[in-house]
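The structure appears below as structure tokens.
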Amino acid sequence: MTRTADLIDGFAPHSAGAAERYRAAGLFGGRPLGHLLESAARDHPDRPAVTDASIDGPRTLTYAQLHTAVARRAAGLAAAGLRPGDRAVLQLHNSAELAITFFGLLRAGVVPVMTLPAHRITEIAHLAERSGAVAYITEDGRRGFDHRDVATQLCGRVPSIATVFVDGEPGPFAPLPDADPATATLPAEGDTNPSLPALLLISGGTTGLPKLIARTHDDYVFNARRSAVVTGLGVDDTYLVALPGAHNFPLCCPGILGTVSVAGHLVFTDNPSPDHAFELIERHRVTVTALVPALAQVWRAATEWEPADLSSLRLLQVGGAKLGESDAVGIDAALGDVVQQVFGMAEGLICYTRLDDPRDLVHTTQGIPMSTFDEIRIVDENGEKVADGAEGELLVRGPYTIRGYYRADEHNARSFTPDGYYRSGDRVRRLPSGHLAVTGRIKDTIVRAGENVAADDVEEHLIAHPAIRQAAVIGLPDEALGERICAVVVVSPDHPRDRALTLRDARTFLTARGLASFKLPDTLTVVASLPTTAVGKIDKQAVRARLS
Ligand code: OOB
């Protein structure tokens with residue numbers, strides 16, 4: 001089998017008709033994803049492209065320098081035997097090397113599998129095996145965990161892995177490869193079929209092993225460019241890559257690729273804590289960044305004690321999990337109306353609140369789909385459309401939403417409708433303005449004494465309590481009630497230590513907010529921190545495991 005035939009084995013493309021419609025409408029431009037960098041380097045060679053503020057830094061590369069480094073990396077990968085259509089598992093912290101290697105893989109026609117630094121052997125082995133990867137690109141132990149140990153185990157478990165490249169001290173493996181581009185045969189631009197996968201993203205779910213999501217050149221270029229338009233991104237913007245850059249949000253919404261599409265400046269940090277990040281914002285006059293809600297809350301709290309000039313920041317994108325209204329209001333108050341809510345998924349659909357939306361819509365909704373070609377259906381448990389404004393499961397189909405997971409027939413039968421809509425599992429409501437409000441996950445419902453209680457609903461009310469910083473609400477089996485409602489919370493650092501937060505406090509507070517009595521928690525557990533997923537969302541599966 002040729003490498004391309006192998007790559008498309010298990011890939012679910014758009015129907016020919018749909019693809020043609022997106023091309024005819026000018027959404028699909030027919031260019032390889034790596035072309036975004038080619039044009040930025042051609043039109044703006046001397047503009048700053050990448051500043052590395054990780055432990056490797058500091059250094060800044062212009063677009064011309066980045067372009068050269070990428071060509072050398074691509075030649076190195078080719079010299080090491082990687083060929084167009086091959087897959088390579090990429091796992092690097094936010095750094096210039098992540099950008100160089102990512103674009104180097106694209107330049108060599110190799111499809112990166114975008115894993116996160118927090119992934120470990122279980123996920124890496126699964127993703128390597130499913131994707132049929134021939135290489136694993138990772139790093140040494142400088143950041144506290146030695147990924148070379150994962151590499152050793154991976155080589156023993158997944159026979160397709162022929163090469164391991166290590167950023168830093170390679171040990172028994174190879175260093176990140178570089179070679180003279182004149183010595184390599186790299187694919188020409190016209191050799192790339194833009195409707196084939198350019199990269200493989202990882203699904204964000206917290207149940208089971210992650211699934212692979214093949215995003216094509218055409219769809220991902222559209223994702224980057226359209227996101228740049230919606231966020232008003234231009235050549236003068238500086239984007240701080242604070243979340244792990246392999247995740248769809250900081251990678252392409254507009255993130256790394258959207259910023260490159262307008263030849264803006266990227267600042268990479270492997271430490272998103274406010275003391276470090278605030279200094280970077282001040283020093284580099286950062287204008288845009290993206291955070292998950294938990295981190296955004298930490299940043300907001302830190303504005304009270306970290307002295308820093310954050311006035312350059314015009315847009316703080318918050319997404320990945322539900323941002324409570326009171327938190328949105330608080331962040332806006334602390335940083336000056338900078339919040340943009342982003343509701344998206346690696347599978348495709350991205351919704352943004354718009355820059356000119358009234359602030360109350362920004363605070364209470366998760367935005368509007370970024371393209372008018374996004375087809376949204378909100379359905380009840382029987383798959384029937386709900387009435388306008390009613391809650392239901394969000395189904396979506398569109399130019400940049402996948403038609404099926406990569407090599408996962410068993411999931412596809414469940415996760416996609418026969419007419420190609422992705423079942424997001426998210427419970428949403430559509431406002432007359434078209435904005436979507438995410439009200440929870442369809443499966444994240446607790447059935448207590450016969451009443452359905454949405455966990456997110458209770459969580460949102462809990463975090464409005466001044467003493468509560470984070471909350472996770474789960475249902476545990478209960479003989480009398482069927483399920484009882486268990487609240488697990490992290491208290492604010494400024495809450496007096498000698499005054500413990502009690503279940504009674506929480507219930508009194510929720511009752512005063514008008515919450516129905518059957519939704520009140522039956523137990524309250526105060527913890528120092530909540531477990532998180534690889535990108536920093538609260539991991540409710542893990543909370544449940546800890547509690548039960
Ligand atoms: C982003 O992508 P994933 O693939 O890690 O996770 C997607 C899921 C969504 O289905 C939804 O359940 C949840 O994460 N989610 C949100 C949300 N944004 C994502 N739930 C409530 N409010 C939000 N604003 O998380 C992602 C990808 C691109 C951009 C932004 C987020």
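Points to keep in mind about this one:
- Residue pairs whose Cβ atoms lie under 7 Å apart, sitting 6 or more positions apart in sequence or on different chains, and linking a residue in the range 338-350 that is near the ligand (Cβ under 6 Å from one of its atoms) to a partner that is hydroxyl-bearing (Ser, Thr, Tyr), are 341/353; 341/365; 342/352; 345/424; 346/203; 350/227.
- Residue within the range 357-367 that is in a strand (DSSP E or B), in contact (Cβ under 8 Å) with a residue 12 or more places away in the chain, within 12 Å of the ligand (Cβ to nearest atom) and touching a strand residue (DSSP E or B) at 6+ places or on another chain (Cβ under 6 Å) present: no
- Residue that is most open to solvent (accessible area, probe 1.4 Å), among those in the range 36-65 that are in a helix (DSSP H, G or I) and touching a helix residue (DSSP H, G or I) at 6+ places or on another chain (Cβ under 7 Å): 64
- On inspection, residue 378 qualifies as without any contact (Cβ under 8 Å) to a residue 60 or more places away in the chain and either under 22 Å from the mean Cα position of the chain (by Cα) or within 16 Å of the ligand (Cβ to nearest atom) (or both).
- Filtering the range 230-249 to residues that are free of Cβ contacts under 8 Å to residues at least 60 places away in the same chain and not aliphatic (A, V, I, L, M) leaves 234, 236, 237, 239.
- Residue list for the range 301-337, restricted to those being in a loop (DSSP other than H, G, I, E, B) and within 16 Å of the ligand (Cβ to nearest atom): 320, 321, 322, 323, 324
- Condition broken by residue 255, with the remaining ones in (1) within 16 Å of the ligand (Cβ to nearest atom); (2) touching a residue at least 40 places away in the same chain (Cβ under 8 Å) satisfied: (2)
- Unmet criterion (only one of (1) farther than 18 Å from residue 401 by Cα; (2) within 15 Å of the ligand (Cβ to nearest atom)) for residue 219: (1)
- Note on the range 399-493: enclosed strands (runs of 3 or more DSSP E) holding 2 or more residues that are closer than 30 Å to residue 14 by Cβ and open to solvent by 50 Å² or more (accessible area, probe 1.4 Å) are 422-430.
- The residue of the range 381-398 that is farthest from residue 200 (Cα to Cα), among those that are within 16 Å of the ligand (Cβ to nearest atom) and charged (D, E, K, R), is 391.
- Across the range 404-437, the qualifying residues are those that are of a type in the set (A, V, I, L, M, F, W, C) and in contact with a helix residue (DSSP H, G or I) (Cβ under 9 Å, 6 or more places away or on another chain), and the one among them that is modelled with the lowest pLDDT is 408.
- Within the range 106-147, being in contact (Cβ under 8 Å) with a residue 60 or more places away in the chain, open to solvent by 10 Å² or more (accessible area, probe 1.4 Å), of a type in the set (A, V, I, L, M, F, W, C) and not in a loop (DSSP other than H, G, I, E, B) holds for one residue alone: 106.
The values are calculated or read from the model by the stated rules, or taken from the named source; none is laboratory data. Just so it is clear, the model here is predicted, and its values are computed rather than measured. As a convention, Cβ positions derive from the backbone with ideal geometry for all residues, glycine included, and neighbour counts pool all protein chains shown. Side chains included, ligands, DNA and RNA excluded: accessible areas come from the protein's heavy atoms. Shrake-Rupley method; radii C 1.70, N 1.55, O 1.52, S 1.80 Å.
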